[in-house]
Amino acid sequence: MTSKKLVNSVEQCADDALAGLVACNPDLQLLQGHRVALRSDLDSLKGRVALLSGGGSGHEPAHAGYIGKGMLTGVIAGSVFASPAVGSILAAIRAVAQAGTAGTLLIVKNYTGDRLNFGVAMEQAKGEGISVEMVVIGDDSAFSVLKKAGRRGLCGTVLIHKVAGALAEEGMGLEEIAKRVTAVAKGMGTLGVSLSSCSVPGSKPTFELAADEIELGLGIHGEAGVHRVKMAPADQIVTLMLDHMTNTSNVSYVPVQAGSLVMLIVNNLGGLSFLELGIIADAAIRLLERRGVKVARALVGTFMSALEMSGVSLTLLLVDEPLLKLIDAETTATAWPHMAKSSVSGRKRIRAAPTEPPEVPEITAAGGVPSKQTMLVLERICTTLLGLEEHLNALDRAAGDGDCGITHSRAAKAIRGWLKENPALSSPAQVLSKLSVLLLEKMGGSSGALYGLFLTAAAQALKAKTDLPAWSAAMDAGLEAMQRYGKAAPGDRTMLDSLWAAGQELRAWKSPGASLLPVLTKAVKSAEAAAEATKNMEAGAGRASYISSARLDQPDPGAVAVAAIFRAILEGLQTKGA
């Protein structure tokens, strides 16, 4: 099946994409009749070396995103994943030459089509008396045995754009720039890994991966890689990548070892989330430093993509202070990020947490819940929530992001971890306060905040007394806090519906002679009935309020979770009393 793409037409998509970039950037111009973008201030480059690059479209922001002072003079774009036309390459060379530049350097990624087309255009330009040189960049570290075609050009090419651009700004000559960047490229390697393929507009995916497979060492045109391995945690994948890149038995290895100073690029191949990029970046820096490698600079983002491919590549470049000065040099290229001009390694990354005020010792009030019984009830709640994870997730998928069970499971695991520490539970107020902090820190999402609010407010009402009327007052205080900050009301199809129903029953504890378990039993049944009733409600608050009520035919997962918690409390207390 052909993939869906937001294009006007398959034939015009490369032209339209380049036109859109130029339309948004006053510093760029299109070369009439060609798929070429150039600096608008071309005439200001008189007497300096011009830098041209390019290749197939579909790698955005490469290549046109790197046009600007301190980087490229212009780019020539081909169709998606296709080499640019010789005529357009030659037209770009002529344009910069006629602007009075002191020669042109072509920076070409090592692909057969690019080498041929740029090479033909260069020879034709030389025949016209234009001073042109070409460097071919191959930074692929995937292949253990070097093939005749050589190493493919990947994301590391962007660093060559940057270094060459800085040298051109300094006024260095054409042959010297070519010589310098060629030497720099020898200390560079890139390796990619992908969770999925990509698809050229109008076509099917370039390859298929099983749900539990990833592709190691693939190219930026959807070419298959060198190995297919099983899906694994990010740390293991990054370890595999670094091992492969630096293995000296691999003919395309990058010579990074303990004591090396490197620049790192964590490059999104197109479809990876920023969440995953951050995880990969953390793993890469941590694992490199563990090997004794010092990371001088690190870039994280999308620098050379492969359309919508869900994957990432790592680039390592050996650097020294003179090279870092070139990398740090100013550029106006829109795709080059703002980057700290100081070393990533060797700095303190953690600031000590602020000191908390000393806890005021609390006297256990008469009627307080014994520690052993409290732990029994909490353990029952944890077991219940862990058992409900999949059910709550399924309910949440209808109106949310399907993580209600996950967040409640996360809370249960955090509480269990705390209980294993054998905490001193001196009073109910202290227990609720500790639980509040725990859920606010560990549970996450709006549920964590709402439970935290409820428990914080309820704890205040139990500081002086812990008899049954005080517990009813604590319930009222928690409900009031949730409504004040959460803006939900009974009937809005939220967790508050179950809490509210239980709270109304628990008010019976304020009456003289009220008993614990009979009232709590009624509260549990009321909470369960309220949770079931939410499936007939129109959502008035929370994420579900954005969904048509016609699609909501299941109970609210938050309300179901609350009812289950009350049932667990009752069962825990009954077990103790049995």
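The values are calculated or read from the model by the stated rules, or taken from the named source; none is laboratory data. Everything quoted here is computed from the prediction, not taken from an experiment. For neighbour counting, all protein chains shown are included, and Cβ atoms are generated from backbone atoms with ideal geometry for every residue, glycine included. Surface areas here come from the heavy atoms of the whole protein model, side chains and all, with no ligands, DNA or RNA. Shrake-Rupley method; radii C 1.70, N 1.55, O 1.52, S 1.80 Å.
The table below gives the values:
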| read-out | value |
| --- | --- |
| Some residue of region 31-43 being of a type in the set (D, E, K, R), in contact (Cβ under 8 Å) with a residue 12 or more places away in the chain and within 29 Å of Val10 (Cβ to Cβ) | yes |
| Members of region 219-248 found to be of a type in the set (Gly, Ala, Ser) and open to solvent by less than 20 Å² (accessible area, probe 1.4 Å), listed by number | Gly219, Gly222 |
| Selected residue (criterion: modelled with the lowest pLDDT) from residues of region 187-216 that are assigned to a loop (DSSP other than H, G, I, E, B) and either of a type in the set (Phe, Trp, Tyr) or touching a helix residue (DSSP H, G or I) at 6+ places or on another chain (Cβ under 7 Å) (or both) | Phe207 |
| Any hit, region 122-129, residues being within 34 Å of the chain's Cα centre (by Cα) and of a type in the set (A, V, I, L, M) | no |
| Extreme residue, surrounded by the fewest Cβ atoms within 10 Å (Cβ to Cβ), among residues of region 174-201 that are of a type in the set (D, E, K, R) and farther than 23 Å from Val256 by Cα | Glu176 |
| Residue count, region 15-27 (criterion: open to solvent by less than 70 Å² (accessible area, probe 1.4 Å) and not aliphatic (A, V, I, L, M)) | 4 |
| Residues located in region 98-157, provided they are touching a Phe, Trp or Tyr at 6+ places or on another chain (Cβ under 8 Å) and among the charged types (D, E, K, R) | Arg151, Arg152 |
| Filter pass, Ala394 being open to solvent by less than 30 Å² (accessible area, probe 1.4 Å), in a helix (DSSP H, G or I) and small (Gly, Ala, Ser) | no |
| Any strands (runs of 3 or more DSSP E) falling wholly within region 28-81 and containing at least 1 residues that are open to solvent by 50 Å² or more (accessible area, probe 1.4 Å) | 28-30, 74-80 |
| Counted residues, region 82-98 - those being open to solvent by 10 Å² or more (accessible area, probe 1.4 Å) and either assigned to a helix (DSSP H, G or I) or under 30 Å from Asp328 (Cα atoms) (or both) | 9 |
| Residue list for region 347-357, filter: open to solvent by 100 Å² or more (accessible area, probe 1.4 Å) and either at pLDDT 90 or above or farther than 25 Å from Ala470 by Cβ (or both) | Arg347, Lys348, Arg349, Ile350, Arg351, Pro354, Thr355, Glu356 |
| Residue pairs meeting the criteria (Cβ under 7 Å; at least 6 apart or on separate chains; first at pLDDT 95 or above and open to solvent by 20 Å² or more (accessible area, probe 1.4 Å), in region 280-302; second of a type in the set (Val, Ile, Thr) and assigned to a loop (DSSP other than H, G, I, E, B)) | Ile285/Val344; Ala298/Val344 |
| Verdict on Lys126 being part of a loop (DSSP other than H, G, I, E, B), of a type outside the set (Phe, Trp, Tyr) and at negative phi | no |
| Unmet criterion (only one of (1) within 27 Å of Gly202 (Cα to Cα); (2) touching a Ser or Thr at 6+ places or on another chain (Cβ under 8 Å); (3) open to solvent by 30 Å² or more (accessible area, probe 1.4 Å)) for Gln12 | (2) |
| Matching residues, region 32-49, being in contact with a Ser or Thr (Cβ under 8 Å, 6 or more places away or on another chain) and farther than 11 Å from Ile67 by Cβ | His34, Arg35, Leu45, Lys46, Gly47, Arg48, Val49 |
| Only one of Ala550, Ala539, Ala533 that is part of a loop (DSSP other than H, G, I, E, B) and at pLDDT below 95 | Ala539 |
| Hey, Asp140 over 30 Å from Lys46 (Cα atoms), in contact with a strand residue (DSSP E or B) (Cβ under 9 Å, 6 or more places away or on another chain) and open to solvent by 10 Å² or more (accessible area, probe 1.4 Å) or not | no |
| Gln32 being more than 33 Å from the chain's Cα centre (by Cα) and at pLDDT 95 or above | yes |
| Residue in region 156-173 that is open to solvent by less than 10 Å² (accessible area, probe 1.4 Å) and part of a strand (DSSP E or B) present | no |
| Region 454-467, residues that are surrounded by 20 or more Cβ atoms within 10 Å (Cβ to Cβ) and in a helix (DSSP H, G or I) | Phe454, Leu455, Ala457, Ala458, Ala459, Ala461 |
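Residues checked against (1) open to solvent by less than 50 Å² (accessible area, probe 1.4 Å); (2) more than 26 Å from Ala533 (Cα to Cα); (3) of a type in the set (Ser, Thr, Tyr):
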position: Val377; (1), (2), (3): yes, yes, no
position: Thr384; (1), (2), (3): yes, no, yes
position: Arg410; (1), (2), (3): no, yes, no
position: Lys413; (1), (2), (3): no, yes, no
position: Lys442; (1), (2), (3): no, yes, no
position: Gly452; (1), (2), (3): yes, no, no
position: Met475; (1), (2), (3): yes, no, no
